[in-house]
Amino acid sequence: MPVVEQATQVLRANDRGGYTVPTDGLYPFQWNWDSAFAALGFAAFDTNRAWQEVETLLEAQWPNGMVPHIVFHQDDPTYFPGPLVWQANQGPKPSSGITQPPVAATIIRQLASTDARRSDGLLPKLDAWHRWFHSARDPDGLGVMAITHPWESGRDNLPDWDQPTAAVDTSMIGDYTRRDTSLIDPSTRPNKEQYDRYLALVQLGVELEWDPAAIARDSPFFVADVGMTAVLLRAERDLLVMVQESPRATDVDAAVIAQRIANLEHGFERLWNPAVAAYCSLDLRTGRWASTASSGSFLAWYAGVKTHHQELLAELSRYVDAATFAVPSFDPEHPLFNHVLYWRGPVWAVMNWMIAVGLRDADETDWYQRIRSDTMTLIETSGFAEYFSPIDAQPCGGTTFTWTAAIWLAFNADP
Ligand code: GLC
């Protein structure tokens with residue numbers, strides 16, 4: 001069957017009517033950034049369904065503006081940690097209590113030309129979500145976005161979070177049963193120590209009633225994430241363009257968005273780590289840098305930041321030269337690199353898409369082509385896996401993955 005049909009079939013099969021699960025079994029609910037990417041994939045063959053995906057996601061928005069990282073549309077006892085663990089009942093739907101990188105505005109901008117009225121309806125929601133980021137995750141106005149849980153970054157067990165999570169007390173978590181490791185090879189998933197810390201941070205959120213100000217004040221884990229900051233900066237730019245182009249978006253203030261962009265542009269430079277010659281995550285509790293760059297560092301172009309263009313390209317070349325397939329999620333020359341272990345080395349199609357699009361916007365079309373072609377080759381060789389080894393193309397994690405299929409369709413439509 002032609003790949004385009006296979007990819008379409010993956011999206012259709014994971015469609016639960018109004019929202020798409022990342023993959024059947026392992027992830028039985030709606031995940032935030034997965035859904036935005038699903039919309040990008042649907043846009044290749046069913047625009048109405050693409051709109052529906054982002055609309056359903058934004059319907060789960062909390063009154064304070066946050067759009068949760070998981071929306072539990074129905075009960076599913078096979079998933080852990082479910083809504084009873086999160087106890088985060090502040091939105092119109094049961095959900096988790098944290099967010100994920102806000103790629104939605106960028107993808108909605110791509111859809112906007114197909115239905116201006118539909119995009120107009122979403123602008124106030126996007127604006128409220130972005131505003132929430134600035135108050136909840138940057139209370140000191142530094143222009144960098146903190147994550148309050150490794151899951152919030154979307155890059156769950158990246159080595160960047162090892163040191164900062166070491167400060168998390170896990171003595172109170174008690175017994176629990178993970179579900180992911182009974183479905184997938186445990187050697188490709190986060191280990192028990194990491195999982196204990198993930199759960200302890202969820203428990204802390206519950207204790208603090210998911211109050212962002214209390215979490216920002218009390219959580220031992222508060223890390224400025226280069227990936228989150230870059231994705232928000234890009235999203236703010238796309239939101240601003242949509243607002244400026246929409247005569248009906250009178251309830252959203254373009255000048256305020258422009259101020260937020262200026263603040264993020266300024267803040268992003270704080271993440272430049274001269275010792276590594278790359279933008280790096282920064283632990284806001286200790287002032288300590290992540291030990292090296294990660295694929296999140298290469299989202300600077302996606303964010304529209306070109307201050308250290310050549311130095312960052314040199315770092316990207318080093319990454320890519322040390323592997324076979326672009327772009328490893330973690331430094332292939334670092335001792336903690338593991339080519340099949342989740343966010344500690346493998347290639348993730350969605351990161352590749354954002355990095356590639358950023359490079360194309362920065363007129364680096366050869367780089368766009370290199371990353372596009374590597375991504376499509378990995379998928380065509382190894383299937384719609386959750387992630388891939390950058391060394392030998394091994395498929396890892398779940399299979400028939402929504403966002404992997406979506407990214408193949410997006411690259412296919414965008415030569
Ligand atoms: C994993 C990934 C995260 C993704 C989720 C669903 O937790 O790290 O980025 O959103 O799976 O696919």
- If each part is reduced to its alpha-carbon centroid, the stretch 251-302 and the stretch 181-215 end up apart, in Å, by 25 Å
- Task: Determine, from the Cβ-Cβ distance of Q259 and D169 and an R0 of 51 Å, the FRET efficiency 1/(1 + (r/R0)^6), rounded to the nearest 0.05.
- Result: 0.85
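Counting only C-alpha contacts under 8 Å and six or more residues apart, can you give the relative contact order of the chain as a whole percent? Present the calculation step by step, with values, prior to reporting the outcome.
On the way: 763 pairs, mean separation 73.1, N = 415.
Once normalised by length, the contact order is 18 percent.
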- What Rg and what Dmax come out for the stretch 64-196 when only alpha-carbon atoms are used, in angstroms? 17.3, 52
- Net charge near D140, counting Lys/Arg +1 and Asp/Glu -1 over other residues with Cβ under 13 Å of its Cβ? +3
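Please arrange R197, R117 by how many other C-beta atoms lie within 10 Å of their C-beta, fewest to most.
Details: R197 25, R117 8.
Least to most surrounded, the residues fall as R117, R197.
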- Whole-Å distance linking the alpha carbon centroid of the stretch 350-379 with that of the stretch 94-134 is 24 Å
- Note on the structure: Within the set I108, I147, I184, GNM on the chain using Cα springs under 10 Å gives the largest fluctuation to I184
- Query: Out of H149, H308, H69, any idea which swings most in a Gaussian network model of the chain, alpha carbons joined below 10 Å?
  - Reply: H308
- Message: With θ taken as phi - 60° and the coefficients 6.51, -1.76 and 1.60, list the Karplus ³J(HN,Hα) couplings across the stretch 103-119 in order, rounded to whole Hz; mark glycine and proline as x.
- Response: 6, 4, 4, 5, 6, 5, 4, 5, 7, 4, 5, 7, 6, 4, 5, 5, 5
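For the chain, give the magnitude of the charge dipole about the Cα centre (Cβ charges: +1 Lys/Arg, -1 Asp/Glu; no others), in debye to the nearest 20.
Computed charge dipole of the chain: roughly 280 debye.
Estimate the FRET efficiency between T47 and Q87 by the formula 1/(1 + (r/R0)^6), using the beta-carbon distance for r and 35 Å for R0, to the nearest 0.05. Before the final figure, lay out the partial values.
Details: r = 37 Å, r/R0 = 1.06.
So the FRET efficiency works out to roughly 0.40.
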- For the chain, built as a Gaussian network whose Cα springs stay under 10 Å, the top-fluctuating residue of A235, A128, A36: A128
- Query: How would you rank T20, T399, going from fewest to most other Cβ atoms within 10 Å of each one's own Cβ?
  - Reply: T399, T20
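Only counting other Cβ atoms within 10 Å, I'd like I371, I98, I257 sorted with the fewest neighbours first.
Details: I371 29, I98 26, I257 22.
Least crowded to most crowded, the residues run I257, I98, I371.
Which is the longest part of the chain that has none of the GluC sites (Glu not before Pro) sitting in a DSSP loop with at most 13 other Cβ atoms within 10 Å?
Working: sites that count: E209, E333.
Value returned for the longest uninterrupted segment is 1-208.
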- Residues meeting the amide H criterion for V223 (H placed from the backbone, H to H distance under 5 Å, 5 or more places apart or on another chain) are I147, L284
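With a cut-off of 8 Å between alpha carbons and a minimum separation of six or more residues, what is the relative contact order of the stretch 266-388 in percent? Spell out each step's value before the answer.
Numbers: 159 pairs, mean separation 24.8, N = 123.
This gives 20 percent for the stretch 266-388.
Rg/Rh for the chain: what does it come to with C-alpha atoms and Rh from Kirkwood? Present the calculation step by step, with values, prior to reporting the outcome.
Numbers: Rg = 19.5 Å, Rh = 21.1 Å.
Across the chain, the Cα-based Rg/Rh ratio is 0.92.
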- Using a cut-off of 9 Å between beta-carbons, work out the net charge of the residues near M242 (Lys and Arg +1, Asp and Glu -1, M242 not included). -2
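A short reminder: the numbers here are calculations on the coordinates, not readings from a lab. Bear in mind that the values here come from a model prediction, so they are computed numbers and not experimental data. Ideal geometry is used to build each Cβ from the backbone, glycine not excepted, and the neighbour counts take in all protein chains shown.
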